[in-house]
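Enquirer: The following block contains the structure, expressed as structure tokens.
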Amino acid sequence: MTRPRGSKFGTSQSDARLKSLLSPRRVIVSSVQPRVLVIGIDPRAVAHLGVDADAVITALAHEQARFDAAGIAADICFVGPDQGRAVDQIVEQLTAQEYRCVVIGGGIRKPEAMLEFFETVINLVRRHAPGAAIAFNTNPQNSLDAARRWLSTRDVDGV
């Protein structure tokens, strides 16, 4: 398998570092107000591929306003193409707050070239936010909807 450009997952040293980052580091304690983390590719980092970065950022700002109106605290973790740095950013964000749900964007999930990184992100969430549900949006405008699917299930069923 060819690794995406900028990936640092190919060496035994980086594999050991990744394994260390994936080890559990904290315990989740429930909170009153749910908090959501949205993880996605920084649209400015992929603008050269034809992505309208301004339109995506505007859509995310609108979505942030929807989270606010719903009474759900939401953080956005933009990551760039350097997957080694992205792992560090994600771990830092996951361990900075208690998240009830983590929404993973399509820029990480959809491109076939991102499959290995997508798997890494899933495992980072499982290890660093073990009490968080994992959800997927289909575009920047429906992250709240994705989170609500799991927040309401967790609130009602205690899953």
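Enquirer: I need the full set of residues from segment 141-153 which are under 13 Å from Val36 (Cβ atoms), surrounded by fewer than 17 Cβ atoms within 10 Å (Cβ to Cβ) and either touching a strand residue (DSSP E or B) at 6+ places or on another chain (Cβ under 7 Å) or at pLDDT below 75 (or both), in order please.
Expert: Scanning segment 141-153 gives Arg149, Ser152.
Enquirer: Here is a follow-up. Out of Leu144, Leu151, Leu124, report the one residue that is over 25 Å from Ala59 (Cα atoms) and not charged (D, E, K, R). Please lay out each step first, then the result.
Expert: Values: Leu144 fails: over 25 Å from Ala59 (Cα atoms); Leu151 fails: over 25 Å from Ala59 (Cα atoms).
When all the criteria are applied, what remains is Leu124.
Enquirer: Counting only residues that are polar (S, T, N, Q) and surrounded by 15 or more Cβ atoms within 10 Å (Cβ to Cβ), give me the helices (runs of 4 or more DSSP H) lying completely in segment 40-113 with at least 2 of them.
Expert: On the way: elements: 53-69, 83-96, 106-109.
The qualifying helices (runs of 4 or more DSSP H) are 83-96.
Enquirer: Which one of these is under 11 Å from the mean Cα position of the chain (by Cα) and not in a strand (DSSP E or B): Val36, Val121?
Expert: Values: Val36 fails: not in a strand (DSSP E or B).
Step by step, each of Val36, Val121 is checked, and only Val121 is under 11 Å from the mean Cα position of the chain (by Cα) and not in a strand (DSSP E or B).
Enquirer: Here is a further query. Tell me which of these Pro130 doesn't satisfy, since it passes every other one: (1) in a helix (DSSP H, G or I); (2) surrounded by fewer than 16 Cβ atoms within 10 Å (Cβ to Cβ).
Expert: Going through the list (1) in a helix (DSSP H, G or I); (2) surrounded by fewer than 16 Cβ atoms within 10 Å (Cβ to Cβ), Pro130 breaks only (1).
The values are calculated or read from the model by the stated rules, or taken from the named source; none is laboratory data. Only a predicted model underlies this, so the values are computations on that prediction, with no experimental measurement involved. Neighbour counts run over all protein chains shown; Cβ positions are idealised from the backbone, glycine included.
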